[in-house]
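Have a look at the structure below before the remarks.
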Amino acid sequence: MRLDLHVHTTASDGSLSPAGVVGLAADGGLDVVAITDHDTVAGIPEAMGAIGEFPLRIIPGIEVSSTHEGAEYHILGYFVDPQADSIQAHQRHAVGGRESRMGEMVAHLRGQGLLIEMADVLDAAGPDQSVIARPHLARALVSRGYAKSVPDAFDRLIGDAHPAFVPTRLATPEEAIRLILEAGGIPVWAHPPMDALHRLLPVFIEAGLQGLEVYRPRSTPRHIRKLERAAEGQGLIMTGGSDWHDPDQGTPLGAFFVTEEDVGELIEAGGW
């Protein structure tokens, strides 16, 4: 069984609709996909409805943005109930919070002499988005000629280390973990940075964290082994996914996958 447990759609900052993602995932040979849009579950009903005759299963998920000590950390929630009160409340809060944050980033860029408007970001997001995210701003910067590509925009202008960056101040990591648990989900730390892993892992576990995202397409074997040891040492579930957003950027959907052997504990915990 081939699984990709970290996939985005146009409900947040992906470039394909949920139905388009389902078709591409099936064409790419995947058996299971987790739809994990940023701070929204809006794409899950369409994805579920698009399965049809495809030999594909969907794990309902979400990637919750959180902020701690000025840095941004993401918590994946697997097997969540999309209709849970905690998820719905967070989703409503995220719409305004993300637009406010994006307005700040646009203002920072304009202060650097880049003539970018919020309208450009909204145009780049398109009509199907539920929340505004940095890839939308990156695409607007490409359209305006300030960047050659989305990765170039992140590398030079809007990455975490750049002056225009503003963290997504929607929740603390503890709140993110709690809302996933309240929705019946399994909270997993997405792409945990090594410089914060050992310092914050005990804090997150105390809040109810159940897993670490270990397997990613750009991770080195050494990085993966460090995360495996951290997960094994704390009895945490291990997951993996491509963090896929766009067929034209990064790894094609289906080119990276994890197996049931890699993530069997998650599948078992989800009741499959």
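Could you go through the range 115-127 and let me know if any residue there is under 20 Å from His162 (Cα atoms), outside any helix (DSSP H, G or I) and of a type outside the set (A, V, I, L, M). Within the range 115-127, one or more residues are under 20 Å from His162 (Cα atoms), outside any helix (DSSP H, G or I) and of a type outside the set (A, V, I, L, M). Exactly one residue among Ala140, Ala84 is outside the structural domain of Lys226 (by TED's automatic domain parsing) and of a type outside the set (Val, Ile, Thr), and that residue is Ala140. Look at the range 27-50: where a residue is closer than 25 Å to Ile177 by Cβ and a partner is assigned to a helix (DSSP H, G or I) and modelled with pLDDT under 95, sitting 6+ places away or on another chain with Cβ atoms under 6 Å, you get Asp39/Ala94; Thr40/Gln91. Is it true that Pro135 is closer than 30 Å to Gln210 by Cβ and not assigned by TED's automatic domain parsing to the domain that holds Thr251? Here the answer is yes, as Pro135 does meet what is asked. Screening Pro135 against (1) of a type outside the set (Asp, Glu); (2) in contact with a His (Cβ under 9 Å, 6 or more places away or on another chain); (3) surrounded by fewer than 18 Cβ atoms within 10 Å (Cβ to Cβ) leaves a single unmet condition, (3). Candidates in the range 39-96 are the residues that are more than 14 Å from the chain's Cα centre (by Cα) and of a type in the set (D, E, K, R); of these, the one that is farthest from Ile132 (Cα to Cα) is Glu53. Close Cβ contacts (under 6 Å, 6 or more residues apart or on different chains) running from residues in the range 69-94 that are under 15 Å from Pro192 (Cβ atoms) and acidic (Asp, Glu) to residues that are modelled with pLDDT under 95 and surrounded by 18 or more Cβ atoms within 10 Å (Cβ to Cβ) comprise Glu72/Thr168. Residues of the range 192-245 being out of contact with any helix residue (DSSP H, G or I) (no Cβ under 7 Å at 6 or more places or on another chain), closer than 18 Å to Gly264 by Cβ, of a type in the set (A, V, I, L, M, F, W, C) and in contact (Cβ under 8 Å) with a residue 12 or more places away in the chain, which ones? The answer is Leu227, Ala231, Leu236. The condition (being assigned to a loop (DSSP other than H, G, I, E, B), closer than 25 Å to Thr251 by Cα and not hydroxyl-bearing (Ser, Thr, Tyr)) is satisfied by just one residue among Ala147, Ala164, Ala153, Ala138: Ala147. Number of residues in the range 79-111 that are part of a helix (DSSP H, G or I), of a type in the set (Val, Ile, Thr) and either in contact with a strand residue (DSSP E or B) (Cβ under 8 Å, 6 or more places away or on another chain) or within 16 Å of His38 (Cα to Cα) (or both): the value is 2. Just wondering, is there one or more residues in the range 122-135 that are touching a strand residue (DSSP E or B) at 6+ places or on another chain (Cβ under 7 Å) and closer than 27 Å to Arg199 by Cβ? For the range 122-135, residues touching a strand residue (DSSP E or B) at 6+ places or on another chain (Cβ under 7 Å) and closer than 27 Å to Arg199 by Cβ: present.
Let's see how each residue does on (1) surrounded by fewer than 18 Cβ atoms within 10 Å (Cβ to Cβ); (2) part of a loop (DSSP other than H, G, I, E, B); (3) not assigned by TED's automatic domain parsing to the domain that holds Pro127:
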residue: His6; (1), (2), (3): no, no, yes
residue: Thr9; (1), (2), (3): no, yes, yes
residue: Leu16; (1), (2), (3): no, yes, yes
residue: Val33; (1), (2), (3): no, no, yes
residue: Pro55; (1), (2), (3): yes, yes, yes
residue: Pro60; (1), (2), (3): no, no, yes
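For the list (1) touching a Pro at 6+ places or on another chain (Cβ under 9 Å); (2) among the basic types (Lys, Arg); (3) closer than 23 Å to Thr251 by Cα, I need the number of the one condition that Arg57 fails. Tallying (1) touching a Pro at 6+ places or on another chain (Cβ under 9 Å); (2) among the basic types (Lys, Arg); (3) closer than 23 Å to Thr251 by Cα, Arg57 fails exactly one: (1).
The values are calculated or read from the model by the stated rules, or taken from the named source; none is laboratory data. All values derive from a computational prediction rather than experimental measurement. Note: ideal-geometry Cβ built from the backbone for every residue, glycine included; neighbour counts use all protein chains shown.
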